[in-house]
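Take a look at the structure set out below.
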Amino acid sequence: MGVGSIPQEPVRAEGASDEFQRPEHRRTAASRRVNRGGLTAHERAVVRMARARWAEDLVASTYQRDGYEIIARNWHCREGELDIVAVLQEARVKTIVVVEVRARASNYFGSALESVTPAKQKKLRSAAKKFLAKQSINYSAVRFDVASVMGVKIEIVRDAF
């Protein structure tokens, strides 16, 4: 066999199938399957919740700095949860802004903005409708924003859906 020749034998052993490649295909890294850092499942959940809370605080302060008034945070109902509800008063127009906050440690499983699926959008609309029915707020418009927090970087998509 010379340099640059193509081997005649198969690259894989005969009878070998794709099961050896399945974890890579499903993007399940070996480090994700083992107990990372010695944390229990409960401790990992606590870390995720702390990251989510920190991201919501960061986004809320960004909206306040931009002139919005935060009127509700983590409002729950049967239809779902509204992370942040803010009001923006511009001249005679009062806009209610419902903000969905997504925090991710990495883009390994896709961006945070992609994770707001049509089903999630439907739940947010339904929860916002219920929220507005329970409040006595006069408003001109309702807007849905999605805020993504990756590390310390904030990306806000205004009027996302």
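The values are calculated or read from the model by the stated rules, or taken from the named source; none is laboratory data. Because the structure is predicted, anything quoted here is derived from the model rather than measured. As a convention, Cβ positions derive from the backbone with ideal geometry for all residues, glycine included, and neighbour counts pool all protein chains shown.
Couple of notes before you dig in:
- When each of GLU56, GLU69, GLU100, GLU43 is tested for being in contact with a helix residue (DSSP H, G or I) (Cβ under 7 Å, 6 or more places away or on another chain) and not small (Gly, Ala, Ser), the lone residue that passes is GLU100.
- Within the stretch 131-157, if we keep just the residues that are among the charged types (D, E, K, R) and modelled with pLDDT under 95, the residue that is surrounded by the fewest Cβ atoms within 10 Å (Cβ to Cβ) turns out to be LYS153.
- Matching residues, the stretch 88-135, being among the small types (Gly, Ala, Ser) and either more than 24 Å from GLY67 (Cβ to Cβ) or free of Cβ contacts under 8 Å to residues at least 12 places away in the same chain (or both): ALA91, ALA105, SER106, GLY110, SER111, ALA112, SER115, ALA119, SER126, ALA127, ALA133
- Enumeration of residues in the stretch 108-161 that are polar (S, T, N, Q) and touching a strand residue (DSSP E or B) at 6+ places or on another chain (Cβ under 9 Å): SER111, SER115, GLN121, SER126, GLN135, ASN138, SER140, SER148
- Of the residues making up the stretch 103-114, just one is out of contact with any helix residue (DSSP H, G or I) (no Cβ under 9 Å at 6 or more places or on another chain), surrounded by 12 or more Cβ atoms within 10 Å (Cβ to Cβ) and over 20 Å from GLY80 (Cβ atoms), namely SER111.
- Hits in the stretch 115-130 - residues which are within 11 Å of the chain's Cα centre (by Cα) and either surrounded by fewer than 12 Cβ atoms within 10 Å (Cβ to Cβ) or not charged (D, E, K, R) (or both): SER115, VAL116, THR117
- Candidate set: the stretch 37-73, residues that are of a type outside the set (A, V, I, L, M) and outside any helix (DSSP H, G or I); chosen: the one nearest to LYS123 (Cα to Cα): ARG73
- Index of the failed condition, VAL85 passing every other in (1) closer than 26 Å to TRP54 by Cβ; (2) hydrophobic (A, V, I, L, M, F, W, C); (3) at pLDDT below 95: (3)
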